[in-house]
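For reference, the structure is listed below as structure tokens.
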Amino acid sequence: MATSGNPGIDVVAAVGLYVAAVAVGLVALGGVAAGASSDVLVALVPTAFTAGLLCGAIVARVTADAAIRFGASRLRTVACWAPTSLVAGGVGVRSVTDTGARDWQLLLLGIASGAVVLSGWLLSRTTRDAYVGAVIDDRDDMLVDWTWYQSGTHAFLIAIGLALFGVGTAASLVAGTSSYRFLLPSIVFIVLGWAPTLSIPNPGGDDLTLFSVSGLEGARADVRAYPDGIVIEPRHIPSYRRFVPWDRIVDVRTTADRLVLERRWRPAVRCDRSAIEDAEVVRDAIERARRGTADSQTTI
């Protein structure tokens, strides 16, 4: 589907940061490989960052359509992360072969690799958001819309907690002592993800609330259904719009408390039913759209 228009300041900034990060990584790798001193690298790195930032922003402005179309690629994140293998490879080679590598050199290359990964992720998300917006903003075939209030577990917070727990466990095994720096935050994330509001039964009537994080129970996103899928526009910043085609939604159902959209290979979208004016109407509209795309579907 053709797209055109201004990619937006966030895309321009993301392209600039990404080009700057890649430029810094390559300059750092080349300088370390050539045996440049710390003084030389201190002079080169800021210059590379500034030049990359300006060049990337200019390129994004001049090739606005290309920046938006890049968001259509399913391999965009992998493509953005490709330069990381080169910089990270330099870290691995120098640390393994020990060809005069110094700690500050390995640290510089490690930071450069991380910067490419983070800026590549940001570029992937912003261009995808711009592409989805370019495709759907002028459409008038919306079927139904509703607000997604979180209901049930919060998969993302639980995943962060488990990741921190894994890092803490690995660090403890390596160090030979228990590490609470990762263990305690991991427990907090898992508890909040499992139940943002925790209460216990009270014989006198209402349950006794032990703690409640209202922000996690608030509106997560605005959801709009179209003939070819749903657009999820998160309320929280920074976050970006995403499109979920109907073929990735394997089941839609309503329960006494929730409207649930089961996604293939991803956590289900569980919406608080009390925040939806008529959950049955929403479910029926989604089912009709899913059946209507059995033979033909637009890819966004």
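Nothing in this text is a laboratory measurement; each read-out follows from the coordinates by a stated rule. Keep in mind that what you see is a predicted model, and the values were worked out from it rather than measured. Note that each Cβ is placed from the backbone with ideal geometry, even for glycine, and that neighbours are counted across all protein chains shown.
Points worth noting:
- The range 1-70 shape via C-alpha gyration tensor axes, a/c threshold 1.5: prolate
- Virtual spin-label span in nm between ARG266 and ARG248, 7 Å along Cα→Cβ: 0.4 nm
- Long-range amide H partners of GLY229 with built H, under 5 Å: TRP246
- Less than 5 angstrom separates the built amide H of VAL144 from those of ALA225, all sequence-distant by 5 or more or on a different chain.
- Packing-based ranking of 164-171, 114-121 yields 114-121, 164-171, ordered from highest to lowest mean Cβ neighbour count within 10 Å.
- Intensity falloff of the range 38-97 expressed as log10 I(q)/I(0), Debye formula with alpha-carbon point scatterers, at q = 0.13, 0.16, 0.25, 0.27 Å⁻¹: -0.57, -0.79, -1.07, -1.08
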